[in-house]
Every structure is written in structure tokens, then in C-alpha cells.
Amino acid sequence: MLTSFCILSIMLNDLLQGTDAGGFFIIQDSCRYSARRLLWSFIKAALNREEVVHVLSFEVSEDELKNGLKGSPIERLRFHDAYSDPLGWSGRGAFTVDRFCAESVTALVEPSSPGRRAVLVIDSLSWILRHSGPAAVCRAVRQLRNDGSVVIVGLLHRDLHPRGTVGSLCRSAASVVAVDAGPRGAEAKVTKRLKSGKVLQDEEVFSVDDDLTVVGRSEPSRVRPREPEMDPTAHLTFNLRLSDLEREAKEKLALPFVFTKEKKAALLHTGSGRIVYEPDANDDYDQEDPDDDLDV
Amino acid sequence: MAASVSSACKPSMARIPVNTTSFQKRTKNKLLSIPGTRLSVQNGQLLVSTGVTSLDYLLGGGLAVGTVLLIEEDRYDSYSRMILKYFLAEGVVCRHELFLAAVQDHPNDIFQELPDPILDDVAMHKPVDQPRLSCEPQDSIDAMKIAWRYQNLPKVQNALASTSRFGHYYDVSKTMEPEIRQAAKCHHFYLPEHPSHSSATHSSMLGSYSALLKSIEEVIRRDGFSVATTMTKSRNILRIGLHSLGSPLWDDDLCCQDNPKHSHALTTFLYGLRALMRSSLSVAVVTVPSHLIQSKTLMGSITRLCDNAIALESFKGSERETSPLYKDYHGLLHVRQVPYLNCLASQLPDHKDLAFKLKRKQFTIERLHLPPDLSETVSRVSRGELAGAGAMASACGSGNKHLDF
């Protein structure tokens, strides 16, 4: 959702627009920040794209959801009530927790949009995980992904489960949006796994408006221009720089162990047994002037 | 006279053809000569290549036939899956038989993603530069002015490689041709296709694991990989790849719970697998998502039950990704265990910190060399703050530089 002020990061935007269609993606939230409004903004975006959205709700009643989605085309929304009786105690509930498997989900979703891909939003996966176990959820998701008929968006409360469960469920997901409250606001970390094994990641600070548009806040530190590099030889009490003349003199200085090319080559491949002798300045011995101090 | 002698000699020389000797070495052909294997120079074991030449070097020349290699997966399972694909691709090129078990994707999907082998005989890894024997002016750029005695010494060789080539190189950007792939015999095990037996036979093993073990045993027995069968026809090696054992898709709660109920299921399976491996001409590579397993003792016993164990740690997603120390590499590789087979002590690699990098034509594992301390901020800031220094430098860098006297 583009606003006039800020542009969301590309990955979060893609997910919202549904342009990258993975089979299964998870929104993780914690007790510090609830991602339900973000989930509702996904629903609204999907409804605006004229897709049929099925909502399987364990935690939110139908009225509350419809209240929250005011202003969007709700005709395409199909609500499956698992809120009133999730465990099937009174026998009245439409959907219970243990009914969550691939076949029943397909049966739920298929009649309304035959042939087209439907979007199933599960609020929340934590309920199913608590009662059916991660193995059942992973199996159902895998089968639905292989069928290719449903795109599943699930809300997961990561504080409710052991780390291993959250991790193993996120392994089956194509994209994971991990939301947490940060110093600058709500932060979303988007991780997307491509089929080739490549992993893309992005971080974004966002907020959800009243009309369920997601607004991103650009990071101030990213757009600041880089400071010019400081010259270390400036502002010193002594001179570290070289003028051109000085540089020339430095290049001309004869270093003590600099030999000619032949001698270097001979020294580099030892073993040839040749002795290469270059006469030194000291070899120039003048018999008549041994100390070299006559000014003749 | 000389001409007649030479002409007399010539026909006699022409009459002696090459190789007329009827002498033949009388040795029984005890050594199995199976394509794609070689004998280890250290302990005489029969070795196969894992597909990654640097990994072969780390494991002592290759993977010994009859052993199990455990790969602890990285967080997003990209590089461990890549190594598994290299292993299977090497099997296709060496004409071994393959067995692949997977739960998340169908094994056929993994087979279709195998990398394309580079089949010309040019060694991709350039050998260490020989000392140049002619000081031509072409080395003027490299010529050192003061330290010229060192200019012909070889640079530090980072990549691990042995001198003899064993194993092939693969191009990751292309997938293997279907003709090459279909020439290899592959067995699949995809758990949803196998009806789950209630674990009546093995009480401590889960139904899924016991079905897998039975399937492997059947393939070994039926296709003659067992060592006990008589060596009538030519032998071959069975390469077994098991992807993501321990994940909840195998009905195992090892990764999900802190105190798993089926804590002994995977260890029992690995024990049975190793027994099968020892009694057959096969090699197994097992990947386990160890970052999800919370219990260290359990991970320790899983490691001990496999012969070779390496762990991959990728930098993606961690704060190390932006660290300048690691910018050339994709992750760290830890060698957890190397077996000692028929010898008293194992050959541990002498370099403990290794890093890997996935390039297009090679998966290299190199020794991690830390760069020298050249910049002035590094010498003042401790290593732990180095990652934060990049972010903070722009804020308080100017202040630091003035104070750095």
C-alpha cells in the first residue's frame, strides 16, 4: 500500500499485494505487539484484489472482524466460525480444532471458488498448535502446498510455544514476518525463502492506520549521506606530508640491499652455483690515495 | 657393410612386437575396483567422494564406505541441502545407486535440482603458483622493492585441497541434464506415500523411522549391496541421503518440545542405520535441523551415533552478516566429529576455524584468516564492538579519530 509520504520496503509490500505467491506464510507476533491489525490489512488488501478470502477464526468473533474491516468489500469474505466452540464441547461450533487437516480445509475452501486460488487466513495458528500438535499442522500445510489450491496466511503467537515448535513451523513457511515492538515503533522482519535456497531478508518499521493501511517509516540513518573522510595528516603540530621535491628525493634514494636484476635473479634461484659479484664502492681502492681525501 | 648389417638388423627388430611376454602377476583380485572409489592413504579404507572436494579433504580424503555423515543444518536449510545435492550428483556421475528419503519436498523435486557436473578434465582449482623461473618485466607490478626475496614464494593457500583430484566439480547455476540423471538408478522414500505402520516391531522407534529403515534394508538386500553376498558380479555403492531427520514431519517431536516424548526414536534409528551401513557397501548422509533441538545431551548422542559430523552455521540473518571479518564467506563450518576406523586415533583437521563459501562452480571451505589490523579504529576498539563500530563510526567517528592520539 503506497502512501504519499513513505514507501514500504519492497518485500513487505510484495507480501501485502500478493505479488509473490508462496504457499504458506506466517505472521509472528509477541505479547508486546499484536499483529492482528496487520493481519486485517492483509485481508483488506486481498479483498481489494477481488480474491475470495476465507477466515478461520479461533480468537476473534465475526462481529469484531467485520467491525475491524469496515470500509472494505466484505461480500467476498467467508467467515468460518471456530470462535464460539473451538473444542467442540457444546457441539454447536462450525469448526473445531481437531478438524484441521488438509481434506477438511480443502472441503471448506473449494466450493466458493472452484478452479481459482483462494486465500485462507487462520487466526490463529497457536490454537491449532496447542491442541493438534506441530506434526499435524506441518503435514496439513505440506499437503495443501503441494495441491497448490490455497494460499495460507497464519497468525502465530511465538510466546506461547517452545522455540523448537515455532522454528519447525517457520521452516515449512515460504515467508515469515516477525513483528515486535521496537524503540522506533513496530518493527517487522521479513524473511523469504526462495525455491532455489536463497534467503532474502528485510527489516522495516511500520504502523497500521485506522483504515488498515500499512505505513512504513523510512529509517533516518539509512539516508544520511556519508561524511567525507577525514584526512589524518591534517591538524597536526608537525608535518607529515611530502612535497613533490621531497617525494622525488625519496624515490631516488639508493636502498642498501638493492641489487641489479641479474644478481636478484641469481639470488632468487639458488642452486645454480654461480657467484655473481658486483664491485662495490669500497673496491675502488686507490693505492696512492687510500683514505680518499686528497683533493687533487 | 654397414648398410647390410643395418638391413639385417631391421627385420629382426621388426619381428619383436611389443608385449610378447607371457608373464602375468599372480595376485588374487581381492581389491574391489568400484568406479568412483579409491583407497585411503591413511588407513586403507575404501573412500567415496562427497561431491565437495574441500569436504573430502576435511574428512580425511573422502567418506569411508560403511559410515554415516551427519550434517547439522543451517538455519534456513540452504547450504545443507546444497551439500546433499552435491552428494547425490556425485553418485550420478560415478554411476552409483541412489536412495533419497525426504518429507518436506518430494524426492523427485530434489532430484531435479541436482547441479550440473563440469565434465571436462580441466582442474578448476589452480595449483599453487610455481616459482617463476624468469624474472620478466611482466612481474613489475608484483615486484616488491624492498622485500624482493619473498616475491616468488607462494601465497598462503587458503582453500583446503589435496594434491590428487578425487571427485568432480559442479555448476550450481545449471541443473543436471535429464539424460544423465535418468541413467542413474534412484530409489525414493517419501513418507506420505508409505502407510504408517503402528510401531509394533520396534517399540522405541517411531513408525516412520522403522518404515524408512525397513525400506533401506530391503533395497540393500534386494540389489546386492550387502557384504555377505558372494562377489560374482561387479559391485556398486549405494548412496543414501536422508533429509531433515528429526523434523516434525517425520512425526518426531524432537525439535518441537524441550522434553520430547520420543527422545530415543531418532537415536534408535541411527543405531540401526549404522549397523546396516557397516554390513553393506553403502554410504549415508543425514541432515538434522540441530538448531531446533534444545537438548544438548540429545544432540551429543546423535553426533556420537554418526561417524562423521559437521555443522553448518550460515551468516544470513545473524549480526555476523555485516561484520567485516566475515564478508567474503557465507558461513562457518564446524567439524564436530571424525571417526577412527581401524586405527587408534583419528586425523582431525589441524585448522579449527573454517568458513565456507558457495561459489557458482565450487563449494569452498577455507581457513578463516582474520585481516590485519590496518585501520586506526580497529586497534582501539575491541573485537566484540567491531560490528557496532560500523554503525557508530559515523556518529562518533570524528570524535574518536581526534582522540586517537
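The values are calculated or read from the model by the stated rules, or taken from the named source; none is laboratory data. This is a predicted model, so every value here is computed, not measured. When we count neighbours, we look across all protein chains shown, and the Cβ atoms used for this are built from the backbone with ideal geometry, even at glycine. With ligands, DNA and RNA removed, areas are computed over all heavy atoms of the protein, side chains included. Shrake-Rupley method; radii C 1.70, N 1.55, O 1.52, S 1.80 Å.
Heavy atoms of the protein chains alone define the surface here; on that basis the range B:313-370 has 60 Å² accessible area per residue at 1.4 Å probe size. To the nearest 10 square angstrom, how much accessible area does A:Phe42 have with a 1.4 angstrom probe? Rounded to the nearest 10, the figure is 20 Å².
When the pairs B:Lys296/B:Lys316; A:Lys44/A:Lys192; A:Lys195/B:Lys316; B:Lys185/B:Lys214; B:Lys214/B:Lys359 are compared against a 28 Å limit on Cα-Cα distance, B:Lys214/B:Lys359 fall above it.
Ellipticity at 222 nm from helices only: DSSP H runs of n ≥ 4 in chain A, each -39500 (n - 2.57), divided by the residue count, give -8500 deg cm²/dmol. A simple spin-label model places the labels of A:Asp147 and B:Ser301 3.9 nm from each other, with each point 7 Å out along Cα-to-Cβ.
In this structure the amide hydrogen of A:Gly154, modeled in the peptide plane, comes within under 5 Å of the amide hydrogens of A:Phe25, A:Ile26, A:Ile27, A:Ile122, none closer than 5 places in sequence on its chain. Residue separation of A:Asp85 and A:Leu240 scaled by 0.36 nm, minus their Cα-Cα distance, works out to 47.7 nm of gained length. On the beta carbon distance between B:Leu39 and A:Lys198, with R0 = 41 Å, the FRET formula returns roughly 0.60.
Cross-link partners of B:Lys174 among aspartates and glutamates, defined as those whose alpha carbon lies under 13 angstrom from its own and excluding same-chain residues fewer than eight positions apart: B:Glu113, B:Asp116. If you sort A:Tyr83, B:Tyr340, B:Tyr170 by accessible surface, 1.4 Å probe, largest first, the order is B:Tyr340, A:Tyr83, B:Tyr170. With R₀ set to 22 Å, the beta-carbon distance separating B:Asp328 from B:Asp116 gives a calculated FRET efficiency near 0.30. Once both labels are positioned 7 Å from their Cα atoms along Cα-to-Cβ, the gap between A:Leu268 and A:Arg184 label points is 5.4 nm.
Here the extension length gained between B:Val227 and B:Arg336 equals 36.3 nm, from 0.36 nm per residue of separation less the Cα-Cα distance.
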